[in-house]
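Visitor: A single structure is presented below for examination.
The values are calculated or read from the model by the stated rules, or taken from the named source; none is laboratory data. Source: prediction; values computed, not measured. Cβ placement follows ideal geometry from the backbone for every residue including glycine, while neighbour counts extend to all protein chains displayed. With ligands, DNA and RNA removed, areas are computed over all heavy atoms of the protein, side chains included. Shrake-Rupley method; radii C 1.70, N 1.55, O 1.52, S 1.80 Å.
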Amino acid sequence: MGSAATVCFLIGVVSVFANTSAALDVIKANPMSDETPEGFKTMSAGTVVPYTYSATNWYGYNAYAGQFPYHAEINFYTNNYLYKRAGALITLNYVITPATSFHHYFIHGDMLYGYITLGTVLNSTTQWEQTINYTESSIVMHPFFHYTNEDYYNIAMIRLDRPAIQTRYVKPIRLPKLSDTRTYLAMEGTSCGTIKEEGLSYLRNPLLSLSICRQQLTSYTFHDQHYCTDVYRGGSFCNRQCGSSLAVEDENGPVLIGDVDLLFQCSYSYPVRYVRLSAFREWIQLSLDYRFDY
């Protein structure tokens, strides 16, 4: 199967025609199902649906409700399209994503409104979701980022119109501590943020050294603001979203270390590049209500 290099601003465009109504700012609760080690359990039927992996379509493992409570689906409307991106909830007020998620807005300046869905598994089960609006003025870019060169300072925050409510299905994820100097090389990172008919899915891939990534992708930039992962081990998505999170596990649970900003769709041959969030600790702490542990 062929592959194509994809930068974030080309992913996830959905045409809209007659839909001009504003997004409703509502909370949906009262979960009717539960997760188990074996699969997703429906309380009403008492049955377990096993997690599946589709090697043919490269869609990864099905996520179950509450598995990625920090996952955020970012949506914004322009005059002609609904753009869909991914991000991660790092406080109850802020979602983090690459700045290139808003590339089209930089070019055309025609954003009408946006909303973020939290607690979703992107299927027909929506009772635990929280949908919260955001505005153009709530997008906070790194001051050194410019859309003509997304290889540097590619990070942005979105301030929610109101705080999310922490539940079992919606919960912020930790960022690396100030004292955390690990490179995470050869550690397994979990990335979620691809859409398929069954809903949200994820993959697990080991982290590679930047030198190996440079050798494999000589035409692209890899530097100390990046991580990269080996899709040959663990698989690759065909429809991964810009901003898909990269998390590792430690003794205290998941830690968010990056989000996708460069990938090759449907390819086992090339690594995926992520923005290294620990490179921006100072800016994150100065820009929002996040406080790093030491």
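Visitor: Tell me whether the range 86-104 contains one or more residues that are surrounded by fewer than 23 Cβ atoms within 10 Å (Cβ to Cβ), in contact with a strand residue (DSSP E or B) (Cβ under 8 Å, 6 or more places away or on another chain) and over 21 Å from Pro143 (Cα atoms).
Guide: No, the range 86-104 contains no residue that is surrounded by fewer than 23 Cβ atoms within 10 Å (Cβ to Cβ), in contact with a strand residue (DSSP E or B) (Cβ under 8 Å, 6 or more places away or on another chain) and over 21 Å from Pro143 (Cα atoms).
Visitor: In a strand (DSSP E or B) and open to solvent by less than 40 Å² (accessible area, probe 1.4 Å): which single residue out of Thr131, Thr125, Thr120 fits that description? Break it down stepwise before answering.
Guide: On the way: Thr125 fails: in a strand (DSSP E or B); Thr120 fails: in a strand (DSSP E or B).
It is Thr131.
Visitor: Let me ask something else. Is it true that some residue in the range 268-275 is open to solvent by 20 Å² or more (accessible area, probe 1.4 Å), among the small types (Gly, Ala, Ser), modelled with pLDDT under 85 and not in a strand (DSSP E or B)? Before you say what the answer is, go through the steps one by one.
Guide: If we filter the range 268-275 for residues that are open to solvent by 20 Å² or more (accessible area, probe 1.4 Å), which is where we start, we get 268-270.
From the residues that got through so far, the ones that are among the small types (Gly, Ala, Ser) too are 269.
In the following step, the residues that additionally are modelled with pLDDT under 85 were identified as 269.
Subset that is not in a strand (DSSP E or B): 269.
Yes: the range 268-275 contains one or more residues that are open to solvent by 20 Å² or more (accessible area, probe 1.4 Å), among the small types (Gly, Ala, Ser), modelled with pLDDT under 85 and not in a strand (DSSP E or B).
Visitor: Filter the range 153-176 down to residues that are surrounded by 16 or more Cβ atoms within 10 Å (Cβ to Cβ) and either more than 16 Å from Ala72 (Cα to Cα) or of a type in the set (S, T, N, Q) (or both) and give me whichever is modelled with the lowest pLDDT. First the steps, then the outcome.
Guide: If we filter the range 153-176 for residues that are surrounded by 16 or more Cβ atoms within 10 Å (Cβ to Cβ), which is where we start, we get 153-160, 164, 167, 169-176.
With either more than 16 Å from Ala72 (Cα to Cα) or of a type in the set (S, T, N, Q) (or both) added as a condition, the list becomes 153-154, 167, 176.
Values: Tyr153: 96, Asn154: 96, Thr167: 96, Pro176: 93.
Per the criteria, the residue is Pro176.
Visitor: When both residues are 6+ apart or on different chains and their Cβ atoms are under 8 Å apart, which pairs have a first residue that lies in the range 176-194 and is under 22 Å from Leu262 (Cα atoms), and a second that is assigned to a loop (DSSP other than H, G, I, E, B) and among the aliphatic types (A, V, I, L, M)?
Guide: Going by the 8 Å Cβ cut-off, the qualifying pairs are Cys192/Ala63.
Visitor: Filter the range 146-162 down to the residues that are under 19 Å from the mean Cα position of the chain (by Cα) and in a loop (DSSP other than H, G, I, E, B) and list them by number.
Guide: So the first thing to find is which residues in the range 146-162 are under 19 Å from the mean Cα position of the chain (by Cα), and the list is 150-160.
Within the range 146-162, Glu150, Asp151, Tyr152, Tyr153, Asn154, Ile155, Leu160 meet the criteria.
Visitor: Just one of the numbered conditions (1) of a type outside the set (A, V, I, L, M); (2) open to solvent by less than 20 Å² (accessible area, probe 1.4 Å); (3) not in a loop (DSSP other than H, G, I, E, B) is not true of Gln215; which one?
Guide: (2)
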